[in-house]
1. Is it fair to say LEU415 is touching a helix residue (DSSP H, G or I) at 6+ places or on another chain (Cβ under 9 Å) and crowded, with 19+ Cβ neighbours inside 10 Å?
2. What do you reckon, is ALA298 assigned by TED's automatic domain parsing to the domain that holds GLU431, outside any loop (DSSP other than H, G, I, E, B) and either touching a Cys at 6+ places or on another chain (Cβ under 8 Å) or hydrophobic (A, V, I, L, M, F, W, C) (or both)?
3. Please go through segment 228-243 and pick out each residue that is out of contact with any helix residue (DSSP H, G or I) (no Cβ under 6 Å at 6 or more places or on another chain) and surrounded by 12 or more Cβ atoms within 10 Å (Cβ to Cβ).
4. If the requirement is being in contact with an Asp or Glu (Cβ under 9 Å, 6 or more places away or on another chain), assigned to a helix (DSSP H, G or I), under 21 Å from PHE379 (Cβ atoms) and not acidic (Asp, Glu), which of these qualifies: LEU449, LEU468?
5. Scan segment 419-446 residue by residue and report those that are more than 16 Å from the chain's Cα centre (by Cα) and either part of a helix (DSSP H, G or I) or free of Cβ contacts under 8 Å to residues at least 12 places away in the same chain (or both).
6. Tally time: how many residues in segment 521-578 are closer than 30 Å to SER509 by Cα and either in the same structural domain as VAL27 (by TED's automatic domain parsing) or of a type outside the set (Phe, Trp, Tyr) (or both)?
7. Looking only at segment 225-234, decide whether some residue is within 16 Å of VAL358 (Cα to Cα) and of a type in the set (Asp, Glu).
8. Answer yes or no as to whether SER507 is free of Cβ contacts under 8 Å to residues at least 12 places away in the same chain, within 30 Å of GLU48 (Cα to Cα) and under 19 Å from the mean Cα position of the chain (by Cα).
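The values are calculated or read from the model by the stated rules, or taken from the named source; none is laboratory data. These figures come from a predicted structure and were not determined experimentally. Heads up, the Cβs are rebuilt from the backbone with ideal geometry, glycines too, and the neighbour counts pull from every protein chain shown.
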Amino acid sequence: MPSVKYQKGDMVMGRWPGSNLYYEVKVLGFDVKSQLYTVIYKDGTELELKEQDIRSSSGFQIRTRSRSRSPGRRRSRSRSPARTTRRSSSRAAAAAASAAIAESTPSSRKETKLKDMVEVRVVPLATENNSNNKHEKKEENNAATKENEKSETKRDSEPEKNQGRYNLRRRKDEAKLEQQEKKDANVVTAPTPMVSRPLDFGGKIGAYFWLLFLPSWVLFVVLQVNLKDPSLANFPPPVPPLETFWDAQALGFVVLWILFQAILYILPVGKLSEGMPLRSGERLKYRTNGFFAIVMSAAVVAAAVHQGVDLTYIHSHFLQLAVATFLISVLLSVYLYVRSLYAAPGQLALGGSSGNVVYDFFKGHELNPRIKDFDLKFFCEMRPGLIGWCLINFALALAEMKQWGLASPSYAMILVNAFQLLYVVDGLWNEEAILTTMDLMHDGFGFMLAFGDLVWVPFTYTLQAYYLVSHPNALSLPAVVAIVLLKLVGFYIFRKSNSEKNAFRRSPSDPKLSHLKTIPTATGKSLLVSGWWGVVRHPNYLGDLIMALAWSLPCGFSHLLPWYYMIYFIILLVHRDSRDMSECRRKYGSAWDEYCRTVRYRIIPRVY
């Protein structure tokens, strides 16, 4: 087996593709099959380079540029980000840059912050015996400088030739450089194309289908569950008059609820948490005060009930509230897509940049749309719909008591309310963990998430409680105990596996996690193959499915409709697993194949 010249973590000089420029890069790994090194530049760009495109940093004299930029300057495909900045002619800057390289070597075990690029221009020496000092003296000669400037463009556009030695080329005429930058600022060059991921959900045609199907399905389950006999044999349910769908007061209540949650979100209460690194290397900050928000919401609701507010309005106007929320989700989705058209390429989601308007509108074009520090995706993901889910469940329990003249809700209603409340409270208590999920890290914010967060969650996840209002199901005490135990088992698996994953993603070198076995990848990350993640590839999905079963069992087996959540969740998690498999295979290559051989089952041990 051939020896590897450069090791993981080495700081070397890598040639920028399509040019003769070398920049400081960090080696992330080496693929034996392709004989390519994976490296990362200081602006966060990851590339695969051949060995001949990499040089040891000791053979270069490093000149750094100042951080000032011409505001209108854009990058061409063959130029690195550092090409647009001015270079310092100070030798002290060169010494500082050399010291930075020494500090970032593996022996010092310090992480290099990939911020400022170091540019290296390839200039062949006149003879093989010329030293760097002699070459510098030649550079100071005016005739040689002019000749170099004339040949610069030609060298950049030509393929790299075999060079015996390399040196740094720096311009001394700063005024001339600034004048050139002003000219370049007026030239519009083609932006670096984004690499979009394969299309999900049936692609462009699928986007049309889901835009029509999802609202129709919500409407169907709401109308169907209202029937005296909600059997699917009675499909389709009768459609009420059009005026029944709209109620201005219901719209007002939804708007007030969202504004109330927004106020709780922006209050300076709770922790400011850092998200996972973006493609640029930046980490966004999030106000994770979800538990505070649900406690305050519960206090306000309790005070309202004490003052005589009739929350059974939610049950009697369920359809109108769903339609009003759907309207808000559509308006939000339109706003999100329009603003994404003005977002910088680095702020877009790879999975929502297909170029097709309908698909990108559905999937989400911008990754993290924000109004100042107010993160729209994170807010909608965790607040109005999730806490609203608990509010609706509570209102439906009151509606059951009112409809049947009960002093307290039935056992089945109590179990459904308690189980789902625990699920939501746990999610808000561990709100920081959602920052490592697929929704926050990869999916753009468009109709799919806006509709899902605001409409799908509160108006379909409450289906079991809605069903029990008109179709009560008596439970014996042994049945109650069995269902509670099932719920606790699912919750334990769900919470422990998620906590393990979140802790490992945030701090893989934590001594508390040293007992976990991993498989290294070329990206520098490692894959867990022990603990809960050594049993199946998605133990959190397994816990989720067991909890979904516990939510449905209190409704009995008379009708299929209250089992909708269980059926839907199986389809959702299998699809998510498929998306995750494709993404990880693209990302980790042969390491992912080894991981799949080690952890054979996806969700259910020895079954799937």
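1. Criteria met by LEU415.
2. yes
3. Selection gives SER231, ASN234.
4. Criteria check complete, one pass: LEU449.
5. Within segment 419-446, PHE419, GLN420, LEU421, LEU422, TYR423, VAL424, VAL425, ASP426, GLY427, LEU428, TRP429 meet the criteria.
6. 25
7. The answer is no, given that none of the residues of segment 225-234 is within 16 Å of VAL358 (Cα to Cα) and of a type in the set (Asp, Glu).
8. yes
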